Each structure stands twice: as C-alpha cells, then as structure tokens.
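Q: Encoded as structure tokens, here's the structure I'll be asking about.
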Amino acid sequence: MDAILNKSKLSYQDFLQVLSAPGPYLFKIVQRSRELTLQRFGRTIQFYVPLYLSNECDNACVYCGFNKKRLIDRKTLTPSEIEDNCRNLKQKGFDQILLLTGESLKTAGVSYLLQAVSIAKKYFSFVGLEVFPMTEEDYGKMVAAGADGLTLYQETYHRETYKNMHPEGSKQSYEWRFKSVERALKAGFRKVGMGVLLGLYDWRFDVPRLAQHAINLQKKYWRSEFTFSFPRLNPLHIISNVPHPVSDRDLLQIICSMRLFFPEAGLVLSTRERSGLRDELLGAGITQISAGSRTSPGAYALLEKSGEQFAVSDTRELGEMLARVIEKGYDPVIKDWELDFAGVKSCRSS
C-alpha cells in the first residue's frame, strides 16, 4: 500500500486497493489526499448555492422528497420569482449558482429552464444545472443560453436496485440517464458533476463503477472539467431506514480515494452532512461546498413554504461558513475565476 500511495498517478487497480484498504492505512490515505489537494488547489474552498426552481415531478423515486406520490405543497417559480431569488442570493455574496428542478417537463421543461438560465446569468459568473436528462440538442441550447456546468447523478450503478428505486416516470430508464453526461459533454458543457447517492446500494460496488464511468469519459473529453459529489441518503422525513448505510469513516475513505485517483477533480460536499463533519472533511480533499442551502423552491425570497427534496443538516449561512473556513486556515473563493482565465467575459459583478 505504501508503494501505491507514493505513486504520482494511480491505475484503476491501485484505486480499488486504496478504496478497500483496511483501517490501519486510512491515516496515510487521508494524509496523501491532503497533500494532493494542497498541490492542485492550494488552500482554496469554492462556495456555491443551490436554487430549487420547482418541486413538481413525474417520477416516484423511493428516496426523494419530490416523489409525485408524496403529499407536499408543489411550487414552480415564475420568472419574476426566479429573479427575486437570484437578486437575494447575489446580495448575500454568492457568485456561483446551481439551478435544480424535479422532473416535470410540462411545468419546468426545456423552454422554462432556458429562461431561468438567462435570468441567473445576469447575476452569477457560473450557472450550473441539476435537472432532468436531455437530448444533446437541448443541452446545446442550455450552453448557448449561458449554462456553464451540469450535475447529474446516476444514483446507483446497480441495475436491479436502480429499477426498484425508480418504479415510475422517465427516470426508470437506466441507459438514458447513464448516457446523459456524455451527451452534455458533446453539447459543450465545460464542467460536469457526477456521483452516486451513497446508501442506495453497497458503496464498494457503486464507487468503483462511478470512477470507471468518469475515466472513460475523461479519455474522450479531456478538455472538460469533472467534479464529484458524495451525497449520503438522509432518511429524515423520506424513508425509515437506509438500505446500505455508509459510515463517516466510509465517507472519508471514499472521498480520499477519489482524490488520489482524480487529483485534478473538484470534490463537492453536500449540506446533507452535519456541520462538524463538513468542517473536518474540508481538509481531507473537499474543494467545493454550499452554504445557507434550502431544498424547497424559492426558499430564499418567498414567504410561503413548499415541499423540500431532503432535510438540510448544515444550516449555516454564507457569512458563518466563510468565517469558519478562514478560521481553519483556508481561503474562501466566491467567484468562478476559470471563466476569466479562459478568456471568457464574465457577467456583471453587481
């Protein structure tokens, strides 16, 4: 194991050994992950904010708060409400936003998202999407409208579990979802985020397949940037138990193993995790986090409440998170500077 950890580049087989390494090696794996993160990213932590546009959905995903069978208040933001929320978030200091929806093409389809992207681009230098899978043509329209990044989780690579977790709706198609990231890359997205919902199936099965999926794409689209997220299934208000629990130790080993295998990739940590754990994981390889997150539509500027996708564990606002990151010796980054480095004119700053 020591010989593997000293390598400048890991093979896939090396990665599998690190991922499955027994407890005594974890300290060395974490230490190497810290070293690589400092080499590639310095002491910077990027901040972004998610904005849920709609919780209307045609799917019945077992683990999701937007499941069409759940009796929740449904809401899809109007263009003026999207503008109000963007303005509110910009005033709070955010400059990178992730727009999210349920999967209801009738209420929040392609034309709706194109308008939402255009509005968000007036306020933020980076606009990402975490929405339903699209055709390559429609992804191209999103890029043309100003979308910079796409996040799309396969949820699980275990086909039988995938089938059981998605009993109704368009999300039933494993293949359509699996090929969506490549369609987005072909369409011109400069950044794509990948991941699995940890806890749906054994992470020892899912994480290696996530890595293999990403490696195959990187070989073809080597100019694009890849990020990885590590959401853990949160049973609060959604399901009574987690089918395949992932411990804090497991999560740490997953994150650090992915850092060793993907030294240039951004690693993102969800507000599903409690504040203390998020603080500890910052130094282990995480490079991007959200702050002040809300998972119901328009929650930053609307008085009425609607159903949320999942319960947020870390409720700290941006100011508190910035202070905490600085306290830990890191430099918070609000703006996506890569646009400027690439010679792309960024949006207005106010």
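The values are calculated or read from the model by the stated rules, or taken from the named source; none is laboratory data. No experiment lies behind these values; they were computed from the predicted model shown. Reconstructed Cβ throughout: ideal geometry from the backbone, glycine too, with neighbour counts over all protein chains shown. Each accessible area value is taken on the protein alone, full model and side chains, heavy atoms only, with ligands, DNA and RNA left out. Shrake-Rupley method; radii C 1.70, N 1.55, O 1.52, S 1.80 Å.
Q: Working carefully through the options ALA265, ALA284, find the one that is of a type in the set (A, V, I, L, M), open to solvent by less than 10 Å² (accessible area, probe 1.4 Å) and out of contact with any Leu (no Cβ under 9 Å at 6 or more places or on another chain).
A: Among ALA265, ALA284, only ALA265 is of a type in the set (A, V, I, L, M), open to solvent by less than 10 Å² (accessible area, probe 1.4 Å) and out of contact with any Leu (no Cβ under 9 Å at 6 or more places or on another chain).
Q: Follow-up question, since we're still on this one. Would it be correct to say that TYR162 is among the hydroxyl-bearing types (Ser, Thr, Tyr), farther than 26 Å from LEU114 by Cβ and part of a loop (DSSP other than H, G, I, E, B)?
A: Against the criterion (among the hydroxyl-bearing types (Ser, Thr, Tyr), farther than 26 Å from LEU114 by Cβ and part of a loop (DSSP other than H, G, I, E, B)), TYR162 does not qualify.
Q: Of all residues in the range 225-243, which are at pLDDT 95 or above and either surrounded by fewer than 21 Cβ atoms within 10 Å (Cβ to Cβ) or not in a loop (DSSP other than H, G, I, E, B) (or both)?
A: Selection gives GLU225, PHE226, THR227, PHE228, SER229.
Q: Still on this structure, please answer the following. Any residue in the range 163-172 that is under 25 Å from GLN218 (Cβ atoms), buried (at least 18 other Cβ atoms within 10 Å of the Cβ) and not charged (D, E, K, R)?
A: No: zero hits.
Q: Would you check which residues across the range 130-162 are open to solvent by less than 30 Å² (accessible area, probe 1.4 Å), closer than 13 Å to LYS191 by Cα and among the β-branched types (Val, Ile, Thr) and list them?
A: Listed by number, the list holds a single entry, THR151.
Q: So for the range 13-31 (the condition being touching a Gly at 6+ places or on another chain (Cβ under 8 Å) and either open to solvent by 50 Å² or more (accessible area, probe 1.4 Å) or farther than 30 Å from SER257 by Cα (or both)), does at least one residue qualify?
A: Within the range 13-31 (the criterion being touching a Gly at 6+ places or on another chain (Cβ under 8 Å) and either open to solvent by 50 Å² or more (accessible area, probe 1.4 Å) or farther than 30 Å from SER257 by Cα (or both)), the answer is no, since none of the residues qualifies.
Q: Identify the single condition in (1) farther than 23 Å from ASP206 by Cβ; (2) part of a strand (DSSP E or B) that PRO50 does not satisfy, given that it satisfies every other one.
A: (1)
Q: How many of the residues in the range 165-195 are touching a strand residue (DSSP E or B) at 6+ places or on another chain (Cβ under 7 Å) and assigned to a loop (DSSP other than H, G, I, E, B)?
A: 2
Q: Further, regarding this structure: LEU10 versus (1) modelled with pLDDT of 95 or more; (2) under 27 Å from ALA323 (Cβ atoms); (3) in contact with a helix residue (DSSP H, G or I) (Cβ under 6 Å, 6 or more places away or on another chain): which is the lone unmet condition?
A: Among (1) modelled with pLDDT of 95 or more; (2) under 27 Å from ALA323 (Cβ atoms); (3) in contact with a helix residue (DSSP H, G or I) (Cβ under 6 Å, 6 or more places away or on another chain), the lone unmet condition for LEU10 is (2).
Q: Would you point out which residue out of ARG274, ARG278, ARG249, ARG209 is under 22 Å from GLN309 (Cα atoms) and open to solvent by 20 Å² or more (accessible area, probe 1.4 Å)?
A: On the way: ARG278 fails: open to solvent by 20 Å² or more (accessible area, probe 1.4 Å); ARG249 fails: under 22 Å from GLN309 (Cα atoms); ARG209 fails: under 22 Å from GLN309 (Cα atoms).
That would be ARG274, the only listed residue that is under 22 Å from GLN309 (Cα atoms) and open to solvent by 20 Å² or more (accessible area, probe 1.4 Å).
Q: Looking at the range 293-311 only, could you name the residues that are of a type outside the set (S, T, N, Q) and under 22 Å from PRO79 (Cα atoms)?
A: ARG294, PRO297, GLY298, ALA299, TYR300, ALA301, LEU302, LEU303, GLU304, LYS305, GLY307, GLU308
Q: Can you tell me which residues in the range 57-106 are polar (S, T, N, Q) and either under 11 Å from TYR123 (Cα atoms) or open to solvent by 50 Å² or more (accessible area, probe 1.4 Å) (or both)?
A: Correct list: THR78, SER80, ASN85, ASN88, GLN91, GLN96.
Q: How many residues does the range 173-183 hold that are in contact (Cβ under 8 Å) with a residue 12 or more places away in the chain and either among the acidic types (Asp, Glu) or open to solvent by less than 50 Å² (accessible area, probe 1.4 Å) (or both)?
A: Final tally of qualifying residues: 6.
Q: Moving to a separate point now. Using beta carbons and a limit of 6 Å, which pairs, at least six apart or on different chains, have the first residue in the range 293-308 and more than 15 Å from SER80 (Cα to Cα) and of a type in the set (D, E, K, R) and the second one modelled with pLDDT of 80 or more and assigned to a loop (DSSP other than H, G, I, E, B)?
A: Pairs that qualify, where the first residue is more than 15 Å from SER80 (Cα to Cα) and of a type in the set (D, E, K, R) and the partner is modelled with pLDDT of 80 or more and assigned to a loop (DSSP other than H, G, I, E, B), are GLU308/GLY65; GLU308/THR295; GLU308/SER296.
Q: When you check VAL127 against the structure, is it of a type in the set (Val, Ile, Thr), buried (at least 21 other Cβ atoms within 10 Å of the Cβ), assigned to a helix (DSSP H, G or I) and under 21 Å from the mean Cα position of the chain (by Cα), yes or no?
A: No: the conditions fail for VAL127.
Q: In the range 81-102, is there at least one residue being of a type in the set (S, T, N, Q) and without any contact (Cβ under 8 Å) to a residue 24 or more places away in the chain?
A: Scanning the range 81-102, I find at least one residue that is of a type in the set (S, T, N, Q) and without any contact (Cβ under 8 Å) to a residue 24 or more places away in the chain, so the answer is yes.
Q: Among what's in the range 130-159 and is charged (D, E, K, R) and assigned to a helix (DSSP H, G or I), pick the residue that is farthest from SER104 (Cα to Cα). Spell out how you get there, then give the answer.
A: Restricting attention to the range 130-159, the residues satisfying the condition of being charged (D, E, K, R) are 130, 136-138, 141, 148, 155, 159.
Then keep just the ones that are assigned to a helix (DSSP H, G or I); that gives 136-138, 141, 159.
Working: GLU136: 19, GLU137: 19, ASP138: 15, LYS141: 18, ARG159: 23 Å.
Once the filter is applied, the top-ranked residue is ARG159.
Q: Can you name the residue in the range 305-350 that is at pLDDT below 70 and open to solvent by 80 Å² or more (accessible area, probe 1.4 Å) and is also nearest to ALA265 (Cα to Cα) among such residues?
A: Going residue by residue through the range 305-350, those that are at pLDDT below 70 are 307, 336-350.
If we keep only those that are open to solvent by 80 Å² or more (accessible area, probe 1.4 Å) as well, we get 337, 341, 345, 348-350.
Details: TRP337: 16, PHE341: 18, LYS345: 24, ARG348: 27, SER349: 27, SER350: 29 Å.
Among those that are at pLDDT below 70 and open to solvent by 80 Å² or more (accessible area, probe 1.4 Å), it is TRP337.
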